[in-house]
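Below: the structure, in structure tokens.
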Amino acid sequence: LLSFEDTMVLTMTAQTGRRIVDRLAHAARATDAILLPPRTGTPAGLTKGADTVVATPLQSVAAWVETVLAVEEEKVRQAGWRRTDTGGRTDLGLGLFRLATETAKAGQTIASAAGMVDAPEDVDRWAAWAELERRYLRQLQDRGKRCPQEAELARAQDPVLPEGIRRVVLAGVVDASPLAVRAWESLDKKGIQLEILVWAPGLKENEAREAF
């Protein structure tokens with residue numbers, strides 16, 4: 001019996017996870033063993049859920065654009081945008097959606113990232129973006145929806161694993177986002193066993209850990 005039913009393997013892509021399970025199945029057949037395969041997933045999957053209250057990406061984009069369309073012209077200019085017509089405001093809304101997505105990967109909101117900006121020429125622009133983010137969040141709240149990036153940040157603090165999982169293996173995961181690292185740290189605090197598999201021929205274990 002090859003039992004991995006208490007294990008979840010996280011890989012860079014879902015296809016890689018399927019290949020790992022396929023290799024395990026071949027090994028089981030070669031030894032005439034029964035395989036209980038591990039669960040598989042990606043690091044991003046730890047911070048994503050199926051909560052219907054969380055806005056979809058399309059709903060989030062729409063809320064950003066509608067928020068920017070409704071603000072005063074001076075706020076658009078403070079945000080560093082020259083065009084204040086409908087097309088220009090739509091582009092700004094789309095850009096802020098992308099910015100919110102990237103800051104979330106870094107474990108931040110636009111507002112919290114704005115608090116870290118120390119370059120004088122950028123302070124006003126980031127302050128405007130943070131204010132637009134607050135208005136966007138109110139827009140979603142009025143619709144009974146939750147910001148997807150906000151939900152990801154909260155889930156990283158308390159990631160939920162499939163029932164029965166007591167060990168998580170990071171297999172060949174590189175360039176992990178700060179958000180993913182935060183989720184792993186949260187799992188570690190919960191007592192989940194974490195193992196890291198890296199391809200590092202010629203390196204000692206401590207050297208491989210440092211490189212990772």
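No value in this document is a laboratory result; all are computed from the given coordinates. Model, not experiment: these values are computed from the prediction. Glycine gets a Cβ as well: all are built from the backbone with ideal geometry, and neighbour counts include every protein chain shown.
Using C-alpha pairs below 8 Å separated by at least 6 residues, the relative contact order for the chain is 26 percent.
In a reduced charge model with +1 at each Lys and Arg Cβ and -1 at each Asp and Glu Cβ, the stretch 1-148 shows a dipole moment near 440 debye about its Cα centre. Summarising the amide proton neighbourhood of residue 35: residues at separation of 5 or more, or on other chains, whose placed amide H is nearer than 5 Å comprise 2. Here's how it looks for residue 54: its modeled amide H is under 5 Å from those of 146, which are all 5 or more places away or on a different chain.
Summing Cβ point charges (Lys, Arg +1; Asp, Glu -1) relative to the Cα centre of the stretch 160-212 gives a dipole of roughly 200 debye. For the pair residue 28 and residue 154, a Förster radius of 45 Å applied to the C-beta separation gives a FRET efficiency near 0.70, rounded to the nearest 0.05.
With one equal scatterer per alpha carbon and no solvent term, the Debye-computed log10 I(q)/I(0) for the chain at 0.10, 0.15 1/Å reads -0.58, -0.99.
Computed from the C-beta positions of residue 118 and residue 82, the FRET efficiency with R₀ = 25 Å rounds to 0.50. Computed from label points 7 Å out along Cα-Cβ, the spacing between residue 181 and residue 141 is 3.1 nm.
Annotation: extensible slack from residue 21 through residue 200 equals 62.2 nm (criterion: 0.36 nm per residue apart, minus Cα-Cα distance).
Seen against the Cα atoms of the chain and their longest principal axis, helix 86-105 is set at about 40 degrees. A straight line joining the Cα centroids of the stretch 43-61 and the stretch 76-134 runs 21 Å. Using only the C-alpha atoms, the convex hull of the stretch 1-48 corresponds to 53 Å³ per residue. Sparse packing (at most 11 other Cβ atoms within 10 Å of the Cβ) combined with a DSSP loop state is found for the following trypsin sites (Lys or Arg not before Pro) in the stretch 31-102: 82.
Of the trypsin sites (Lys or Arg not before Pro) found in the stretch 158-203, the ones in coil according to DSSP and having at most 16 other Cβ atoms within 10 Å of their Cβ are 166, 190. Gaussian network model of the chain, Cα springs within a sub-10 Å range: biggest mean-square fluctuation belongs to which of 202, 191, 88? Checking each option, the largest mean-square fluctuation is seen for 202. Extension gain for residue 3 to residue 166 (0.36 nm times residue separation, less C-alpha to C-alpha distance): 57.4 nm.
In order along the stretch 58-69, the Karplus-derived 3J(HN,Hα) couplings, from 6.51 cos²θ - 1.76 cosθ + 1.60 at θ = phi - 60°, round to 5, 5, 5, 4, 4, 5, 4, 5, 5, 4, 5, 5 Hz, and Gly and Pro are given as x. Whole-Hz Karplus values for the stretch 121-130 come out as 6, 9, 4, 5, 5, 5, 4, 5, 4, 5 Hz, taken residue by residue from phi with 6.51 cos²θ - 1.76 cosθ + 1.60 and θ = phi - 60°; glycine and proline positions read x.
Summed over qualifying helices (DSSP H, 4 residues or more, each -39500 (n - 2.57)) and divided by its residue number, the chain shows a 222 nm mean residue ellipticity of -17000 deg cm²/dmol. A full extension of the chain between residue 14 and residue 70 corresponds to an added length of 16.1 nm, given 0.36 nm per residue minus the alpha carbon distance. Taken over the stretch 1-117, the ratio of Cα radius of gyration to 2.2 N^0.38 Å equals 1.68.
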